[in-house]
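Structure first, commentary second.
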Amino acid sequence: MMMVVVPYGWSGALARKDDAMRHLPVMVDEVVRYLLHEHTRVVVDGTVGFGGHAQAILAARPDVRLIGVDRDATALEASAARLRGYADRVRLVRGLYSDFEHVLVGEGKVDGILLDLGFSSPQLDDPARGFAYSAQGPLDMRMGREGETAAQLLSRLDADAIASLLREFGEVRQARRVARAIARAAAAGTLSTTSDLRAAVAAALGRETAPAELSRVFQAVRIAVNRELDVLRAFLDGVLDVLNPNGRLVVLSYHSLEDRMVKTFLRDAASACVCPPNVPVCVCGRVPRVEVLTRRGVRASQQEIASNPRARSATLRAAATIANGSRVRGGRVQ
């Protein structure tokens, strides 16, 4: 994948500043608290988006450098504008947050990694991106500009494959009926806009289709287009190898599929011996690699939800890496 790097010390773009200011990051105080500790020096914002969390991190600690990653070139322009006051401590990289080899070139291991797996308001509200069922626009849904659009993907798949992705990624009810309607629209050449997809869903479920059901369909297609769960899985497979001891991993997720993956990963990474109960002495040699800092997951406050309704579905999970059987106590490895 092509990587576009804006190095430390860049002058700061002015384009897209309004977009960056319109975006309200979720649980900023909680992110900063869980991500940073007294020895933090380099962190990665793997989904820097419009720079809201990154700005708060840099403002909180003048001795911290940040690598911001996003596959959306427009978002990176907005981040450059928003973060221009911290330019000497920021490097922006266009690409996938799971591509550690390129993201961390010249850095080695880091002290913290943040993922905010949600979408920013400017992305969702831009009809040209095709993410929202409520606005007329091309059926695109790509986070970047590479790969198939949603229209191309749905036109290539048969009804069975569409039904499978609707069930797996959106938990869509009557997925087969919806899939057949989508496949018919694609075959007829009437599946090129968000309105076309909405009409296909309505043809299957009725004109008064609930917004929640439309959201599930659009979510499922978006996840498939961007391979979101595959990218997250690849990230989780390698993230602990690029974090220093007491390095922090903070993930904000917005639907159960992502949150379940993160929760399961952290639970497994925090587990010690996995030998069967009837084995008297441990033979697996497994030791915990992280200590989970958020046992139940953290949710946004009612006050934040009132000012930013998109925070309602967010769950924050955090962990600290450990070594040699040590534990985190009071924000530091013991």
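The values are calculated or read from the model by the stated rules, or taken from the named source; none is laboratory data. From a predicted model like this one, the values you see are computed outputs, not experimental measurements. Note: ideal-geometry Cβ built from the backbone for every residue, glycine included; neighbour counts use all protein chains shown.
Points worth noting:
- Selection status of VAL251, in contact with a strand residue (DSSP E or B) (Cβ under 6 Å, 6 or more places away or on another chain) and in contact (Cβ under 8 Å) with a residue 60 or more places away in the chain: yes
- Residue that is farthest from LEU139 (Cα to Cα) [pool: residues in region 166-217 that are β-branched (Val, Ile, Thr) and not in a loop (DSSP other than H, G, I, E, B)]: VAL178
- Look at region 129-145: where a residue is under 17 Å from ASP72 (Cα atoms) and outside the structural domain of ALA75 (by TED's automatic domain parsing) and a partner is among the basic types (Lys, Arg) and at pLDDT 85 or above, sitting 6+ places away or on another chain with Cβ atoms under 7 Å, you get PHE131/ARG222; ASP140/ARG129; MET141/ARG222; MET143/ARG71; GLY144/ARG71.
- Long-range neighbours under 7 Å by Cβ, at least six apart or interchain, first residue farther than 14 Å from SER120 by Cβ within region 74-85, second of a type in the set (Val, Ile, Thr): ALA80/VAL6; LEU83/VAL90
- If you filter region 252-272 down to residues that are surrounded by 14 or more Cβ atoms within 10 Å (Cβ to Cβ) and hydrophobic (A, V, I, L, M, F, W, C), you find that the one that is farthest from ARG33 (Cα to Cα) is LEU257.
- Subset of region 134-164 (residues that are among the hydrophobic types (A, V, I, L, M, F, W, C) and closer than 17 Å to ARG184 by Cβ): LEU139, ALA150, ALA151, LEU153, LEU154, LEU157, ALA159, ALA161, ILE162, ALA163
- Looking across region 131-155 at every residue that is outside any loop (DSSP other than H, G, I, E, B) and under 15 Å from ILE182 (Cβ atoms), the one that is farthest from the chain's Cα centre (by Cα) is identified as SER155.
- Filtered residues of region 133-192 (kept if touching a Pro at 6+ places or on another chain (Cβ under 8 Å), among the hydrophobic types (A, V, I, L, M, F, W, C) and surrounded by fewer than 18 Cβ atoms within 10 Å (Cβ to Cβ)): ALA135
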